[in-house]
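The structure appears right after this line, and notes come after that.
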Amino acid sequence: MKTPVKLTVLTGAGISAESGVPTFRGEEGLWRRFRPEDLATPEAFARDPVLVWSWYVWRRSLVLQASPNPAHLALVRLEQALGEDFLLITQNVDNLHRRAGNTRVVELHGNIFRERCTSCGLKRFSEECYPEEALPPRCPACRGLMRPDVVWFGEALPPEALRQAFGRVEGMGKGDVLLVVGTSGQVYPAAALPLTAHRRGAQVVVVNLEPTPFDSFADEVHHGRAASILPGWVAAFL
Ligand code: OAD
């Protein structure tokens, strides 16, 4: 292994595509079939919490039927080999990285299996795919409305996750590597991480099916499926 190297990974929906979880912006992407303003904003939730919850319950059920793919598993190998020199920053809410076995995970956009009370802030983990008559779920402590603990359009990212992600990347330097997998780079602030790493002197490696805005300054670009490319990339890295 080329030591000492800090390896940071940024993932997006593309890494879960081969597990059967839809991405957001591709041909089959969720934002082709649904309008974010109807389903993924605080206003939408205030207007129709049952509709919003039904969509998240449907997405929960899709993810529960899915399994981590070889790309997720390759990142587990990296964490096992590198320990604290490894950090995984994800925009995904699907929990597949944790299910695969990664523990050093920063979830920038929340987790679809966490719920948060809109009144008292209580959080709980739940894989429940509620039937329509049980929606919206209520807080066990105060009977307030529970919401999915994910980031919606117009909302700030969780401050602790943001601090960890940018702290890590701003602390990178020559010899360190940021591996960027399966993200279109359209959503900020996550999309600012690769350029930040590059400016600090770190190597940026992109693995993505299609070209991304990061390709122009990346040190290595691999166009293809993450599940095909990552296992070999990781084996060569280690
Ligand atoms: P996108 O759907 O915008 O982009 C997915 C990227 O993955 C695209 O560039 C695809 O080309 C690529 N891709 C698809 N299949 C792939 C495969 N098998 N292997 C490698 N790459 C593949 O998803 P994100 O960039 O994650 O935010 O989207 C960012 C955020 O926008 C999401 O977290 C979500 C969304 O709105 C919130 O909900 C807050």
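The values are calculated or read from the model by the stated rules, or taken from the named source; none is laboratory data. For clarity, every value in this text was computed on a predicted model and none was experimentally measured. All Cβ positions, even for glycine, are placed from backbone atoms using ideal geometry, and neighbour counts span all protein chains on display.
Here is a yes/no grid of residues against (1) within 16 Å of the ligand (Cβ to nearest atom); (2) in a loop (DSSP other than H, G, I, E, B); (3) in contact (Cβ under 8 Å) with a residue 40 or more places away in the chain; (4) assigned by TED's automatic domain parsing to the domain that holds residue 96:
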position: 136; (1), (2), (3), (4): no, yes, yes, no
position: 140; (1), (2), (3), (4): no, yes, no, no
position: 164; (1), (2), (3), (4): no, no, yes, yes
position: 169; (1), (2), (3), (4): no, no, yes, yes
position: 179; (1), (2), (3), (4): yes, no, yes, yes
- Message: For segment 214-223: of the residues being closer than 12 Å to residue 180 by Cα and more than 18 Å from the chain's Cα centre (by Cα), which is farthest from the ligand (Cβ to nearest atom)?
- Response: 219
- Task: Name every residue in segment 2-35 that is charged (D, E, K, R) and either within 11 Å of the ligand (Cβ to nearest atom) or under 17 Å from the mean Cα position of the chain (by Cα) (or both), in order of residue number.
- Result: 18, 25, 27, 28, 32
- Message: Among the residues of segment 101-109, are any at pLDDT 95 or above and surrounded by fewer than 15 Cβ atoms within 10 Å (Cβ to Cβ)?
- Response: yes
- Given (1) surrounded by 17 or more Cβ atoms within 10 Å (Cβ to Cβ); (2) under 28 Å from residue 80 (Cβ atoms), index of the condition residue 173 fails: (1)
- If the Cβ limit is 6 Å and pairs must be 6+ apart or interchain, which residue in segment 215-231 that is in the same structural domain as residue 73 (by TED's automatic domain parsing) and modelled with pLDDT of 95 or more pairs with which residue that is of a type in the set (Val, Ile, Thr) and within 9 Å of the ligand (Cβ to nearest atom)? 222/207; 222/229; 226/15; 226/181; 226/207; 229/207
- Item | Cβ pairs under 8 Å, 6+ apart, first in segment 13-33 and more than 14 Å from residue 91 (Cα to Cα), second within 8 Å of the ligand (Cβ to nearest atom) and charged (D, E, K, R) | 18/225; 31/25; 32/25
- Task: Return yes when residue 187 is within 12 Å of the ligand (Cβ to nearest atom) and in contact with a helix residue (DSSP H, G or I) (Cβ under 7 Å, 6 or more places away or on another chain) and no when it is not.
- Result: no
- Message: One residue is enough: does segment 60-78 have a residue meeting the conditions closer than 20 Å to residue 186 by Cβ and part of a helix (DSSP H, G or I)?
- Response: no
- Item | Candidates 173, 144 - the one that is outside the structural domain of residue 57 (by TED's automatic domain parsing), free of Cβ contacts under 8 Å to residues at least 40 places away in the same chain and of a type outside the set (Lys, Arg) | 173
- Task: Being among the basic types (Lys, Arg) and under 20 Å from the mean Cα position of the chain (by Cα) is the filter; apply it to segment 36-94 and report the residue that is surrounded by the fewest Cβ atoms within 10 Å (Cβ to Cβ).
- Result: 77
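Let's see how each residue does on (1) under 25 Å from residue 24 (Cα atoms); (2) touching a strand residue (DSSP E or B) at 6+ places or on another chain (Cβ under 7 Å); (3) in a loop (DSSP other than H, G, I, E, B):
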| site | (1), (2), (3) |
| --- | --- |
| 186 | yes, no, yes |
| 215 | yes, yes, yes |
| 222 | yes, yes, no |
| 232 | no, no, no |
